[in-house]
Amino acid sequence: MIRPPITSTSRIARRAGGTKAAARMVPEETPVALSFAGTTHAVMMATPADFEDFALGFALTEGIVAAPDEVDAITIEDAGPGIDIQIRLKDTANRRFEARRRRLAGPVGCGLCGIESIEEAMRAVADVGQSMLTLSADDITGAARLLAEAQPLHAETGAVHAAGFYRPGSGIVAAREDVGRHNALDKLAGALARSGIDGASGAVVVTSRVSVEMVQKTAAIGAGVIIAVSAPTALAIRMAEDAGMTLVALVRGDEFDIFTHPERIRNGASQNVA
């Protein structure tokens, strides 16, 4: 199944020199259902690409599975207006997921009601304070610059987010794009897991603001550093601090702000960290 992630549309371009009809590439936005054991768990508006990465990354970052080998199979089905990703879990993971789904079902059947939903939204994140990764100022600014160069969809449309994984000495070793910032990060998580790349060996780099969900998903990847070109929320800062994560944001040229755990950011040249 192939759905183009971008499409051409007509427009009227008004510029200082006048007005003319022109074409422009724009990203597709498609409903993507993530279904477990035949039941839809979530529907995300996403770029129709990297479906297997999306499915595995979502399952990992949302705590549905603890490891990639708990996923038995991923099937992509064209559902007409959208895409249905059927994810089959192995027995132990499936039983755990079924128990979680019953726990989260509210009394009116919305599935997101009551104190359990609030607790789920504020779930504790993995402690990444043991990460030995250190980065130089050049690593920080270089990571943001290299991610900008690894965004072919954004280069054509100017309308998608990206999440990348930066390793000192290697650059951006994986990157994924999507109209949704969370989706891009989930796709990156899946790509790293499928490639066997250790999340502790590098830093997550994102083109968006850092919300609490982005910290939760970065911690699930195992990365001790998140780098963003935009600003963080207050809750994201508090959660990153508690998780032992270094949060660097507002990367602009050679300038950036360090909000938590600055001990991982040093002066001097880049060093490789295994």
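No lab work stands behind these numbers, since they all come straight from the coordinates. Because the structure is predicted, anything quoted here is derived from the model rather than measured. Because the Cβ atoms are built from the backbone with ideal geometry, glycine has one as well, and the counts that use them run over all protein chains shown.
Derived scalar couplings between HN and Hα for segment 71-87 equal 8, 7, 7, 10, 10, 9, 10, 7, 9, x, x, x, 10, 10, 9, 8, 10 Hz in order, rounded to whole Hz, by the Karplus curve 6.51 cos²θ - 1.76 cosθ + 1.60 (θ = phi - 60°), x for Gly and Pro.
Antiparallel as a % of all DSSP beta bridges within the chain, to the nearest 5?
Numbers: 39 of 53 bridges.
About 75 percent, rounded to the nearest 5.
Only beta bridges with both residues in segment 135-266 are counted; by DSSP, about 60 percent of them are antiparallel.
Note the full-extension length gain between T9 and S230 as 0.36 nm times their separation in residues minus their Cα-Cα distance, in nm to one decimal.
Values: separation 221, 0.36 × 221 = 79.56 nm, distance 2.90 nm.
Taking 0.36 nm per residue and subtracting the Cα distance, the gain is 76.7 nm.
Please arrange I83, I74 by how many other C-beta atoms lie within 10 Å of their C-beta, fewest to most. List each step's numbers first, then the result.
On the way: I83 22, I74 17.
If I rank by nearby Cβ atoms, fewest first, I get I74, I83.
Between amide H atoms placed 1.01 Å from N, distances below 5 Å from H161 occur with D178, V179, G180, all of them 5 or more places distant or on a separate chain.
Of F256, F165, F54, the sequence from fewest to most neighbouring Cβ atoms within 10 angstrom is F256, F165, F54.
Largest GNM mean-square fluctuation among D186, D69, D178, using the chain with Cα springs under 10 Å: D69.
Can you sort E255, E28, E177 so the residue with the fewest Cβ neighbours within 10 Å comes first?
Numbers: E255 10, E28 16, E177 26.
Ordered from fewest to most neighbouring Cβ atoms within 10 Å, E255, E28, E177 come out as E255, E28, E177.
Overall, the ratio between the Cα radius of gyration of the chain and 2.2 N^0.38 Å, rounded to two decimals, is 1.05. Helices in the chain, meaning DSSP H runs of at least 4 residues, each add -39500 (n - 2.57). Divided by all residues, the mean residue ellipticity at 222 nm is -9500 deg cm²/dmol. Projected label points at A16 and M122, each 7 Å from Cα along the beta carbon direction, are separated by 5.2 nanometres. Segment 135-266 has equivalent-ellipsoid semi-axes of 19, 16, 15 Å, by the square roots of 5 times the alpha carbon gyration tensor eigenvalues, sorted largest first. Okay, which of segment 152-180 sit inside 18 Å, backbone N to the point 7 Å along the Cα-Cβ direction of I2? So the set is 153.
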